[in-house]
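Everything on this sheet refers to the single structure shown next.
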Amino acid sequence: MSIRCTVESAFFIAWSFLEQSGELGPPDESANVILDAIEAQLKTGERRQLMLANRAIDAYRAHAAKSRRSPDRETRTG
């Protein structure tokens with residue numbers, strides 16, 4: 001199987017899972033996070049579709065959690 005097919009399959013698995021679970025955020029940002037995670041794994045030699053997808057899901061969840069924790073707006077007190 002070609003790298004392109006592997007990436008497409010892993011991306012589709014991760015995207016579908018996150019979409020069905022209701023965790024998927026803005027499409028452009030979500031796609032970038034998933035693809036970046038897959039690309040990083042490919043650079044280490046990983047080629048298993050499910051491993052690529054599962055780690056991309058974990059990376060997406062970590063990114064989403066970090067985004068929720070970092071305040072994008074000023075908090076008012078008093």
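Give me the net charge for the shell around Glu23: Cβ to Cβ below 12 angstrom, other residues only, Lys and Arg +1, Asp and Glu -1.
It works out to a net charge of 0.
Just from its helices, what would the mean residue ellipticity at 222 nm be for the chain, if runs of 4 or more DSSP H residues each count -39500 (n - 2.57) and the sum is divided by every residue, rounded to the nearest 500 deg cm²/dmol? Could you put the intermediate results ahead of the total?
Values: 3 runs with 57 residues, N = 78.
Counting only the DSSP helices, I get -25000 deg cm²/dmol.
I'd like the orientation of helix 49-69 relative to the chain: the angle between its Cα long axis and the longest Cα principal axis, in ° from 0 to 90, rounded to 10.
Long axis of 49-69 versus the principal axis of the chain: about 10 degrees.
May I ask you to compute the full-extension gain from Glu8 to Thr44, defined as 0.36 nm times their residue separation minus their alpha-carbon distance, rounded to one decimal in nm?
Numbers: separation 36, 0.36 × 36 = 12.96 nm, distance 1.78 nm.
Gain on extension, Glu8 to Thr44, equals 11.2 nm.
Percent relative contact order of region 3-64, based on C-alpha pairs within less than 8 angstrom and at least six residues apart?
On the way: 49 pairs, mean separation 27.7, N = 62.
For region 3-64, the relative contact order is 45 percent.
To the nearest 10 degrees, how steeply does helix 3-21 sit against the main Cα axis of the chain, on a 0 to 90 scale?
Between the helix axis and the principal axis of the chain, the angle is about 40 degrees.
Specify the angular offset, from 0 to 90 degrees and rounded to the nearest 10, of the alpha carbon long axis of helix 27-43 from the longest principal axis of the alpha carbons in the chain.
The angle comes out near 50 degrees.
Between beta-carbons, use under 15 Å as the cut-off and find the net charge around Asp36, counting Lys and Arg +1, Asp and Glu -1. Write down the numbers at each step before the final one.
Details: positive: Lys43, Arg55, Arg61, Lys66; negative: Asp28, Glu29, Glu39, Glu46, Asp58.
Once positives and negatives cancel, what remains is -1.
Scan (i) 18.3, 62; (ii) 13.5, 40; (iii) 14.7, 60 for the value of Rg and Dmax of the Cα atoms in Å calculated from this model and give just the label.
Correct label, based on the coordinates given: (iii).
Values quoted throughout were computed directly from the atomic coordinates according to the rules given, and no laboratory measurement underlies them. Here the structure is a predicted model, which means the values were calculated and not measured. No Cβ is skipped: glycine too gets one built from the backbone with ideal geometry, and neighbour counts run over all protein chains shown.
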